[in-house]
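Asker: Structure in structure tokens, see below.
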Ligand SMILES: [Zn+2]
């Protein structure tokens, strides 16, 4: 089983380096590995860590976790820039003060082709964040860069979308203008949309739908389950990716607050509680295999068969 949208550490490394008493990374590594091992015992073999630049991606820390767990960890490249691009790339790029090709393109392509920061880990997905209701210059630039790297490498594109003020169709439309096929796009968090009509329209695009926040507050779990069963009933089984969007450590909230607010938000919530609920709603073994094995495999390898060792076409 693969969890297609998770995180290990979502944090601000600069803040923590300057205030090192806030969190001890070696303890965090140990804890993350233990949590993944618990998930392994329940059938989880792979997680996709969608932490990208802007969220604290730390390839060395992730590599330390990978050495301590049997769970495979797949990494992504990309940028999470809801408040505008960081200054290191803000002033150089198409139409910027230093008008030049976007340096983000080569950086992201290198993560995919050469590996991330000297580790053996090569990024397998591209990700960006879109919480906009209409495109601004930053979003247009990010989409253009992501689409360019996608066209060069073929790796799939994951968009963090806003399910509260649904904008998945905007993200798809921007990508389509750059020639990205919806079948190569994951609309992360779209499975939390409570407007059934909008969600059906999104699913009609053929893009993957991230039903990927199980265990989080915001939307009742019953809504998430009924979104899944409704979409399955409408023939969209092969587009759904179920996950938690969980992090072993996230510095946005104090640990005790997180535990009190979201006690089920962990890598083992789907196998422990959600899959039994989906079975009660009538999903069978074959459908569950499609959700947790075939769909992630097709997304990550471009292949629909069950052969081992597949690598992405790009
Ligand atoms: Zn996420």
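Asker: Here are some conditions: (1) out of contact with any strand residue (DSSP E or B) (no Cβ under 9 Å at 6 or more places or on another chain); (2) within 28 Å of residue 271 (Cβ to Cβ); (3) not in a loop (DSSP other than H, G, I, E, B). Residue 15 meets all but one. Which one does it not meet?
Answerer: Tallying (1) out of contact with any strand residue (DSSP E or B) (no Cβ under 9 Å at 6 or more places or on another chain); (2) within 28 Å of residue 271 (Cβ to Cβ); (3) not in a loop (DSSP other than H, G, I, E, B), residue 15 fails exactly one: (2).
Asker: Hey, does the range 2-11 have a residue that's part of a helix (DSSP H, G or I) and over 24 Å from residue 254 (Cβ atoms)?
Answerer: Of all residues in the range 2-11, those part of a helix (DSSP H, G or I) come to none.
The answer is no; no qualifying residue exists.
Asker: Going through 268, 251 one at a time, which residue ends up being within 20 Å of the chain's Cα centre (by Cα) and within 15 Å of the ligand (Cβ to nearest atom)?
Answerer: On the way: 268 fails: within 15 Å of the ligand (Cβ to nearest atom).
So the residue among 268, 251 that is within 20 Å of the chain's Cα centre (by Cα) and within 15 Å of the ligand (Cβ to nearest atom) is 251.
Asker: Is it the case, given these coordinates, that residue 76 is assigned to a helix (DSSP H, G or I) and crowded, with 23+ Cβ neighbours inside 10 Å?
Answerer: Working: assigned to a helix (DSSP H, G or I): no; crowded, with 23+ Cβ neighbours inside 10 Å: yes.
Taking the combined requirement at face value, the residue does not satisfy it.
Asker: Scan 81, 33, 66 and give me the residue that is buried (at least 19 other Cβ atoms within 10 Å of the Cβ), within 30 Å of residue 211 (Cβ to Cβ) and within 16 Å of the ligand (Cβ to nearest atom). Break it down stepwise before answering.
Answerer: Details: 33 fails: within 16 Å of the ligand (Cβ to nearest atom); 66 fails: within 16 Å of the ligand (Cβ to nearest atom).
After applying the criteria, what remains is 81.
Asker: I would also like to ask the following. Quick one: count up the residues across the range 78-116 that are in contact with a helix residue (DSSP H, G or I) (Cβ under 8 Å, 6 or more places away or on another chain), without any contact (Cβ under 8 Å) to a residue 60 or more places away in the chain and within 18 Å of residue 139 (Cα to Cα).
Answerer: Residues of the range 78-116 that are in contact with a helix residue (DSSP H, G or I) (Cβ under 8 Å, 6 or more places away or on another chain), as a first pass: 78-79, 81, 84-85, 89, 92-96, 102-105, 108-109, 112-113, 116.
Keeping just the survivors that are without any contact (Cβ under 8 Å) to a residue 60 or more places away in the chain gives 84-85, 89, 92-96, 102-105, 108-109, 113, 116.
Now narrow it down to the ones that are within 18 Å of residue 139 (Cα to Cα): 84-85, 89, 92-96, 102-105, 108.
Number satisfying all stated conditions: 13.
Asker: Given the conditions (1) within 18 Å of the chain's Cα centre (by Cα); (2) under 22 Å from residue 115 (Cα atoms), report the number of the one that residue 36 does not fulfil.
Answerer: The number of the failed condition is (2).
Asker: Further question on the same structure: Just give me the residues in the range 1-29 being surrounded by fewer than 20 Cβ atoms within 10 Å (Cβ to Cβ) and touching a helix residue (DSSP H, G or I) at 6+ places or on another chain (Cβ under 7 Å), in sequence order.
Answerer: Of everything in the range 1-29, those that are surrounded by fewer than 20 Cβ atoms within 10 Å (Cβ to Cβ) and touching a helix residue (DSSP H, G or I) at 6+ places or on another chain (Cβ under 7 Å) turn out to be 22, 23, 25.
Asker: Let me ask something additional. Among the residues of the range 39-70, how many are more than 20 Å from the chain's Cα centre (by Cα) and in a helix (DSSP H, G or I)?
Answerer: Here the count works out to 4.
Listed here are the residues, each with its yes/no results for (1) at pLDDT 95 or above; (2) within 16 Å of the ligand (Cβ to nearest atom).
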residue: 97; (1), (2): yes, no
residue: 103; (1), (2): yes, no
residue: 118; (1), (2): no, no
residue: 130; (1), (2): yes, yes
residue: 148; (1), (2): yes, no
residue: 162; (1), (2): yes, yes
residue: 168; (1), (2): yes, yes
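Asker: Go through the range 36-55 residue by residue and tally those that are away from the ligand (no atom under 12 Å from the Cβ) and in contact (Cβ under 8 Å) with a residue 12 or more places away in the chain.
Answerer: Kept after step one, since they are away from the ligand (no atom under 12 Å from the Cβ), are these residues of the range 36-55: 36-46, 53.
Still in the list and also in contact (Cβ under 8 Å) with a residue 12 or more places away in the chain: 36-40, 42-46, 53.
So the count comes out to 11.
Asker: Any idea how many residues of the range 186-233 are within 16 Å of the ligand (Cβ to nearest atom) and within 27 Å of residue 154 (Cβ to Cβ)?
Answerer: 11
Asker: What are the residues in the range 225-255 that are at pLDDT below 95 and assigned to a helix (DSSP H, G or I), if any?
Answerer: 255
The values are calculated or read from the model by the stated rules, or taken from the named source; none is laboratory data. Please read these numbers as outputs of a predicted model, since none were measured by experiment. Using ideal geometry, Cβ is built from the backbone for each residue, glycine included, and neighbour counts are taken over all protein chains shown.
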